[in-house]
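*Asks:* First, the structure itself, so that you have it in front of you.
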Ligand SMILES: Cc1cc2nc3c(=O)[nH]c(=O)nc-3n(C[C@H](O)[C@H](O)[C@H](O)COP(=O)(O)OP(=O)(O)OC[C@H]3O[C@@H](n4cnc5c(N)ncnc54)[C@H](O)[C@@H]3O)c2cc1C
């Protein structure tokens, strides 16, 4: 009895780890020469550079639980205070009001006092307190939903940059049901989104909870090191790097025959597909064409993260806070910037600054350029925004081209369609960022669930 896991990102590694915990022989196959997928932490000249995620939310428990299980509890760190984030809009920086939730204020006073919105715009936002529910239950774009309740200014200047930064999709295409279903629930239960958000802010204050984001002191790569070590301790697990899974076929009895690049074929009683959407769609073609079509209809986009290290004295004035986001329509190539050395402890050598700049939404064409061209574009914007004119002492460009799932309107129907089409194949599971959450905790939860599904199909034992 062997399970084949395709993809050595956090989803595939978690699936293999969960199967190993049940003692089920597992083969993990990864096309590249390293494990981690989009997660990658490197130490470059003392700068801790994250090529993918740099943190995760703590209110979805899967990642925190896994960190503790892997013995990483002492490595969990929170961002520094104060947690100032700026928004670049209409050619100037404005501080995001303190106490912002995902897109709405959880505290009234900073929001009333902010100069991000004019008095008229604040009045329009306040109309949410009076507007009736719309009673719809279909999926709509987050932008349209929020604009109806709170007006254009809040969407353009706050919700758009905040959600666009996380999901890499324009807010007018982003699925309300897949991304922020809690907003529709809030409207249903409280009618006013503002009242609901302020109530959740009071509850959070009573619990004494701070930032919902946490990370690991040695970077997100600690998850990968921890999982790899746990897998290597098990004789029931085999990991193959530099090996591409090219096709799946079904054999008599429902087993799979798996074709690897180079002509090798292996048999498996069950398969977990934890690759990016386009690769998963290709692999499903031979065994579940209807599921393949649903997965293929999930759009994927591109992004790049440019990490830049500077000496602090290269800045005339030290950069402020944790970073900034750029509102739509600004004449800039970059989407936003995290000042990693200020947001987290131990990210950069003493007397230096580490920036992490996002490129892709505002200037998709830039992603086709060379690393040097992308860095030059970023330096030009940083010069304008921060006054830094001299060249960085460290740069690293990481691209994810066509690998970023976009949760557009109707996303959950596409995922449900794919899963329904797999109903008759309980020994085949799909999991990972393209489906039920792009965040690391959601990917971990999906890896666990996929392992549970195939383990149950093989052993008849329902996972805990
Ligand atoms: C720049 C960036 C910033 C992000 N920031 C955050 C953040 O701050 N917080 C957060 O929670 N999330 C963040 N995310 C999202 C999160 O990192 C990803 O959604 C998550 O890591 C995806 O994990 P995965 O295992 O599902 O997929 P992947 O990491 O994409 O892994 C899939 C693996 O499958 C392999 N593969 C593909 N095809 C084959 C094949 N045919 N055969 C064998 N192997 C194959 C690939 O090489 C890859 O290793 C970010 C993502 C990016 C790119």
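Every number in this text was worked out from the coordinates using simple rules, so none of it is lab data. Note that this is a predicted model, so its numbers are computed, not measured. Don't worry about glycine lacking a Cβ; one is built from the backbone with ideal geometry, like all the others, and counts go over all protein chains shown.
*Asks:* Set the Förster distance to 56 Å, then compute FRET efficiency between residue 130 and residue 413 from the Cβ-Cβ distance, nearest 0.05. Could you put the intermediate results ahead of the total?
*Replies:* Values: r = 33 Å, r/R0 = 0.59.
In this case the efficiency is close to 0.95.
*Asks:* While we're on this one: Can you tell me the 0 to 90 degree angle between the C-alpha axis of helix 10-21 and the longest principal axis of the chain, rounded to 10?
*Replies:* Taking Cα atoms only, the helix is inclined about 50 degrees.
*Asks:* Still on this structure, please answer the following. Per 0.36 nm of contour for each residue apart, how much would the distance between residue 84 and residue 290 grow if the chain were fully extended, relative to their Cα-Cα spacing?
*Replies:* Numbers: separation 206, 0.36 × 206 = 74.16 nm, distance 4.71 nm.
My answer for the length gained is 69.4 nm.
*Asks:* Could you check the spin-label model distance between residue 73 and residue 390? Points 7 Å from the Cα along Cα→Cβ, value in nm.
*Replies:* In this crude spin-label approximation the distance works out to 4.6 nm.
*Asks:* Here's a follow-up. In nm, give the distance between the simple-model label positions of residue 92 and residue 65, each being 7 Å from the Cα along the Cα-to-Cβ direction.
*Replies:* Simple spin-label model gives 4.8 nm for this pair.
*Asks:* Also, I was wondering about something else. Tell me, 122, 343 in order of fewest to most beta-carbon neighbours within 10 Å?
*Replies:* Ascending Cβ contact count within 10 Å gives the list 122, 343.
*Asks:* What angle, in degrees between 0 and 90 and rounded to the nearest 10, separates the Cα long axis of helix 440-459 from the longest principal axis of the Cα atoms of the chain?
*Replies:* 20
*Asks:* How large are Rg and Dmax for the chain when only the alpha carbon atoms are used, in Å?
*Replies:* Using the Cα atoms of the chain, the pair Rg, Dmax is 22.8, 70 Å.
*Asks:* Could you line up 125, 401 from fewest to most neighbouring Cβ atoms inside 10 Å?
*Replies:* Numbers: 125 21, 401 13.
With the fewest neighbours first, 125, 401 line up as 401, 125.
*Asks:* If packing is taken as the mean number of other Cβ atoms within 10 Å per residue, what is the order of 430-437, 170-177, highest first?
*Replies:* Working: 430-437: 26.5, 170-177: 20.8.
Highest mean packing first, the order is 430-437, 170-177.
*Asks:* Output the peptides 140-151, 370-381 sorted from most to least packed, where packing is the average of other Cβ atoms within 10 Å over each peptide's residues. Intermediate values should be presented prior to the final figure.
*Replies:* Working: 140-151: 20.6, 370-381: 16.6.
Per-residue mean Cβ counts within 10 Å order the peptides as 140-151, 370-381.
*Asks:* What span do the alpha-carbon atoms of the range 300-405 cover on each of the three principal axes, reported in whole Å from largest to smallest?
*Replies:* Result for the range 300-405: principal-axis Cα extents of 38, 27, 24 Å.
*Asks:* May I pose another question? Within 10 Å of each residue's Cβ, count the other Cβ atoms and sort 189, 396, 448 from fewest upward.
*Replies:* 189, 396, 448
*Asks:* Cα centroid distance between the range 59-95 and the range 269-347, in Å?
*Replies:* Their Cα centres are 16 Å away from one another.
*Asks:* If I fit a long axis through the Cα atoms of helix 221-232 and take the longest principal axis of the Cα atoms of the chain, what angle between them do I get, 0 to 90°, rounded to 10?
*Replies:* Helix 221-232 sits at roughly 10 degrees to that axis.
*Asks:* Another question about this same structure. Alpha carbon centre of the range 356-402 versus the range 134-189: separation in Å?
*Replies:* If we compute the Cα centre of each part, the gap is 29 Å.
*Asks:* So, one more: What does DSSP give for the chain in terms of the percent of beta bridges that are antiparallel, rounded to the nearest 5? Could you put the intermediate results ahead of the total?
*Replies:* Working: 49 of 69 bridges.
Bridges in the chain are about 70 percent antiparallel.
*Asks:* Also, I was wondering about something else. What value, in deg cm²/dmol to 500, does the helix sum -39500 (n - 2.57) over DSSP H runs of n ≥ 4 give at 222 nm once divided by the residues of the chain?
*Replies:* Values: 16 runs with 159 residues, N = 464.
Rounded to the nearest 500, it is -10000 deg cm²/dmol.
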